[in-house]
């Protein structure tokens, strides 16, 4: 099998990796990635991904991805992993939105329903413009905080 990402380490990189492994002051995943890179070096043994994976008790995919990170992004990224960007901003439910949802849950049930359902509360909150979008699970979490049994008890 031809390797797509060939690891060729310089002498300084080899010394750095050996030093990193010998001190073992880093996280175990960093040390393991350093061992994988040393074993994958084309100038030395030039082992296959399967052999390296067996030697270090990891899956061959991890060896392949470590090679790929080294070739595409460099040594530090191969050791520590890719930096993650800012997470997608989650929908923030503040106290005002919570109060509106609780008020809705305590209000009269719409015609055709026996009690408020979580999905019905979520749809009504969006319809009234309390929030732009909300899932029934978020409504459940809001109501769980209030320790009220929505629909079966009178609020207030």
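Values quoted throughout were computed directly from the atomic coordinates according to the rules given, and no laboratory measurement underlies them. No experiment lies behind these values; they were computed from the predicted model shown. Here Cβ is always computed from backbone atoms with ideal geometry, including for glycine, and neighbour counts include all displayed protein chains.
Once you have a ≥ b ≥ c as the square roots of the Cα gyration tensor eigenvalues for the stretch 11-80, tell me rounded if a/c is under 1.5, and otherwise prolate or oblate according to whether a/b is larger than b/c. Show your work: numbers first, answer last.
Details: a/c = 1.34, a/b = 1.26, b/c = 1.07.
Rounded shape, in that the Cα axes give a/c under 1.5.
Would you mind ranking 43, 94 by Cβ crowding within 10 Å, fewest neighbours first?
Details: 43 11, 94 8.
In increasing order of surrounding Cβ atoms, one gets 94, 43.
Taking log10 I(q)/I(0) by the Debye sum over Cα atoms at q = 0.09, 0.15, 0.18, 0.20 Å⁻¹ straight from the coordinates, which label in (1) -0.56, -0.72, -0.97, -1.17; (2) -0.68, -0.83, -1.10, -1.28; (3) -0.26, -0.76, -1.13, -1.44 is the correct one?
(1)
Based on DSSP H runs of at least 4 residues, each adding -39500 (n - 2.57), what is the mean residue ellipticity at 222 nm of the chain after dividing by all its residues, to the nearest 500 deg cm²/dmol?
Numbers: 8 runs with 87 residues, N = 156.
Computed mean residue ellipticity for the chain: -17000 deg cm²/dmol.
Using a 7 Å offset from the Cα along the Cα-to-Cβ direction at both residue 15 and residue 80, what is the distance between the two label points in nm, to one decimal?
2.2
Can you give the FRET efficiency to the nearest 0.05 for residue 135 and residue 72, using r as the Cβ-Cβ distance and R₀ = 41 Å? The partial results should precede the final answer.
Working: r = 37 Å, r/R0 = 0.90.
Once the sixth-power term is evaluated, E becomes 0.65.
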